[in-house]
Structures are given as C-alpha cells and as structure tokens.
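These notes are about the structure you will find just below.
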Amino acid sequence: MKKKRILIILAVIIILIAIIFIVRSIINANKPKETIDDFSSVKELIEYDGHEYLGMKNSEEEGFEKDIYIKFSKPPINDDGTTNEGLYEVVINHVARKMKGQNFRLIDADKNIVIKIQYNENEEINLYTINDDAKYWEHIKTYYQIDEYEGEKVSSFTITSSLLANIINNNWIYNNINLGNRESTEGDYEIYENGDYKVRKIGQKIYNIVFTKNYQQEIINGISTSTDIETVENILGEPTYKDDNYDIIGYKCEYFYIFLNGKEISIYHPDEYNEEDSKEFGTLVTELNKTGDIDTFFNKLTDLYPDYGYYSSNNNYVDIVYPLRGFSVKMGYPSGNGIVLYSNFQGWITEDLKIEDLIDEKKLPANVYTRLDRNLILEAEAERISNEMYLDSGEEEDGGEL
C-alpha cells in the first residue's frame, strides 16, 4: 500500500513536470522574439525571418567553418529594378550575430548566391561579400539599369514662342536676351512681366525658364501653359519622362528639355558637354580614387565646372549637383559616398573609362554609382516643384496667422 502511494505521488510529479514543460513550451513559442538569444538555432532564426532553412554542414571552402543552405523568399532584384536588399540584410545580420565567431557561408544554390562572413580576433565582421562582391547591391542595380538602358528619345518641335526662339538663337546667354521687365526675385529666380515667366541663370547662361499660367501665348506646337496633359500627349506623343509624384511629363529635343503639368511649362538649357573638359573630369575621378583627397577633388571640380545647379556644405558633408552634365557628388556621409551618373551623363568617368564602356562592359569604377533609369534634369524639375510647394505652403500658413 505504501509502495503504491509512492508510485502515485511519483506519477503526479511526472505529470506536473510534463504540464509545466508543455506550458513553458507554449509560452516560449508565443513569446515575442526580442534578442538573438531568444532563438534556439539558426534554423529557427532563418524561418522566423521568412526563409526556408535547408541545412548546415562543415564548409567546403578554406577559411570558413560552416556552410548554411537557405532558400531566400525573394530574388535579390525584382522585375521593376527594385532590390530586396533590406529583406536579405535582416537575415544576414541575424545569422551573423547567431554564428558570431564562426566564419560561415550562407548559400542559396537556386539563386546562385553565396554570402561570406568572416570575423576577426575580436569577433567583429571583417569580411562581408555576396558573390565575392563587397558592393553587390549597388552593382546589381547598375547591371539592371544597363540591361534596360535604351538611350533617350530626342523629339522635334515647332517653336511658336518668340521669347523661347530668341533665347535659343542667342545660345541661352543671359545678357544677349531681352527678357522684358523684371518685376522681382524669388529665391534663385527672377520674375518677369507681372509673373508671366521666371528665369534662373547659372553663370552667364539661362538655366531654366518657367512659363506660368499667366502666360497666354503658345510655346510649342500650339501648346500653352493651360493645355491639359492628355491633349499634350495627343500632340507630342508618348512622353520621354514622367514623374507621377508631381504629375510631370517631359520631352527632350536638340535645343532644350520641356516639362509640362497643365499649369506651367518649364524649359531647361540642353545638356552641356565638352570632350576636353570631360577628359579632365575623368582624370579628377581617377586622382580621387588614388588619393582619397576630397578637398582637392572638389576645388578642382568646381574650377572645371562652375555651373552646378545645387551645392551644399555642412561640417564634413558636401553635396553638389550638375543637372546639365548628368552627375552629382556626395561626400562625407556614413555610406553611399561618390559620384552618381544619370542617364544624361556623357563622356569620361575616369581617365580610361567612358560611359559607353560602362554600358558595354558593365565596368563600374570605385566610388561611382549609377541612376541610368533617371535623367538629372527631371530630378531638378521635381526638386523645383517640391520647393515651390513648400514655399507656397509656408506663405499660406503665414497668411493664416495674420
């Protein structure tokens, strides 16, 4: 009888332990994962991030301890040119923290991706590459842009504005053109003829002229500032440029860029290019990559090309934009520093590489990035409209307070 009672007590204890274990398992399974230590294994971590874990074994490559096989839930780059960098970086970072101190490779054989992580003696990452490329994400975006690059359509227009014709005939030189009565200034722009149009000049040349809704005359092909976008497209054909954020459409011809939104017509000086200057620019980029001397680079760059559209310097951060030359430069930031080439860039990138070589051979120099899917003049026009909207908003707010 006593033995039976002991057995019953032991059975109850075992049942209670089992219940506690089950309850804890349920609680742990539903408990939010807050740290890497909350995951019991790399498998659990990978699956938590939404990918398929296929297995782990000793690495086949010298210098690495483990090979982890995975099936990523999405490809590195989508059909529209956007990447899934963020999704990849999350799981890479998580696995790297879980494997800390053990050099490993993360492999997706179906997508031909091999990610390598190595640590130093302090268990800090000192090697991170994807397919042996430390700038993998920048490069796949460039390769996509190159594969999709078709050049830009150049249209032909009939110019019906005598003012625009006068600007073109005088090679956009500000002092050679009778612009009429200047009423005021607004930021970088001079306002003319009771607000009919406004002009921004850079150096000795007109950079941009904006015909406002007050301007009633036709400008090109019977089109005025009040012509709706649908009618514009029926007359001029499919736009070369579009920006849905600001409802802009645009075209390029031999003599100018033109952007329309049914309220204004904004016209820009055509791209600037000089072969000798372009070679000098390539030399400057080559010197920058050799020396890393940013100050010297910027001093020589602004001497060579004083016609930048935007320049900002704050502490060690520098931004400079050349819309008419199709490139911008950003330096001093935590990441992404370098020269960005847009679709309207021409000529030499370094002293031995031209934009045509980059497109034909997919060669990308150090500190050079691409936005070949975007024209920098379009970017400048979008920025202009954004600034105007901001100023208009501020004026309205001030008016309300009064």
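Measuring with a 1.4 Å probe in the full set of protein chains, what accessible area per residue, in whole Å², belongs to the chain? Please report the intermediate quantities before stating the final value.
On the way: 22690 Å² over 402 residues.
About 56 Å² of surface per residue is accessible.
Can you work out the FRET efficiency for the pair Asn166 and Ile92, with r the C-beta to C-beta distance and R0 = 60 Å, to the nearest 0.05?
Working from the Cβ atoms, E equals 0.55.
Please state the Cα pair-distance histogram of region 61-194 with 10 angstrom bins from zero: what percent is in each bin?
9, 26, 16, 10, 11, 14, 12, 2
Return the equivalent ellipsoid semi-axes of the chain as a descending list in whole Å, where each equals the square root of 5 times an eigenvalue of the C-alpha gyration tensor.
Output for the chain: semi-axes of 58, 28, 20 Å.
With a 1.4 Å probe and every protein chain kept in, tell me what percent of the accessible surface of region 149-221 is carbon plus sulfur.
Details: 1460 of 4030 Å².
C and S fraction of accessible area: 36 percent.
Fully extended, how many nm does the chain gain between Asp110 and Tyr390 (0.36 nm per residue separation, minus their Cα-Cα distance)?
Taking Asp110 through Tyr390 to full extension adds about 96.0 nm, to one decimal.
Could you give the distance between the Cα centres of region 170-184 and region 269-298, to the whole Å?
The two parts, judged by their Cα centres, are 31 Å apart.
What length, rounded to one decimal in nm, is gained on full extension from Thr82 through to Asn122, with 0.36 nm per residue of separation minus their alpha-carbon distance? Before the final figure, lay out the partial values.
On the way: separation 40, 0.36 × 40 = 14.40 nm, distance 3.55 nm.
Result: 10.8 nm gained on full extension.
Averaging sequence separations of C-alpha pairs under 8 Å and six or more residues apart, then dividing by the length of region 181-328, give the relative contact order as a whole percent.
The normalised contact order for region 181-328 reaches 14 percent.
Using alpha-carbon pairs under 8 Å, 6+ residues apart, how would you state the relative contact order of region 148-262 in percent?
Details: 165 pairs, mean separation 25.8, N = 115.
Normalised by residue count, the contact order of region 148-262 is 22 percent.
Pairs of alpha-carbon atoms within less than 8 angstrom and 6+ residues apart define the contacts here; what relative contact order does the chain have, in percent?
RCO, the chain: 9 percent.
In what sequence, largest accessible area first, do Ser155, Ser40, Ser393, Ser335 appear using a 1.4 Å probe?
Ser40, Ser335, Ser393, Ser155
Of all DSSP beta bridges located in the chain, what percent are antiparallel, nearest 5? Walk me through the intermediate numbers first.
Details: 65 of 74 bridges.
Once the DSSP bridges in the chain are tallied, antiparallel ones form about 90 percent.
Summarise the accessible area of region 352-391 (1.4 Å probe, protein heavy atoms) by the percent that is carbon and sulfur.
For region 352-391, the apolar C and S fraction of the accessible surface comes to 47 percent.
Please go through region 338-399 and write out the trypsin sites (Lys or Arg not before Pro) that DSSP classes as loop and that have at most 16 other C-beta atoms within 10 Å.
Listed in order of number, the matching sites are Lys362, Lys363.
The values are calculated or read from the model by the stated rules, or taken from the named source; none is laboratory data. For clarity, every value in this text was computed on a predicted model and none was experimentally measured. Note that each Cβ is placed from the backbone with ideal geometry, even for glycine, and that neighbours are counted across all protein chains shown. For the accessible areas, the whole protein counts, side chains as well, though only heavy atoms, and no ligand, DNA or RNA atoms are used. Shrake-Rupley method; radii C 1.70, N 1.55, O 1.52, S 1.80 Å.
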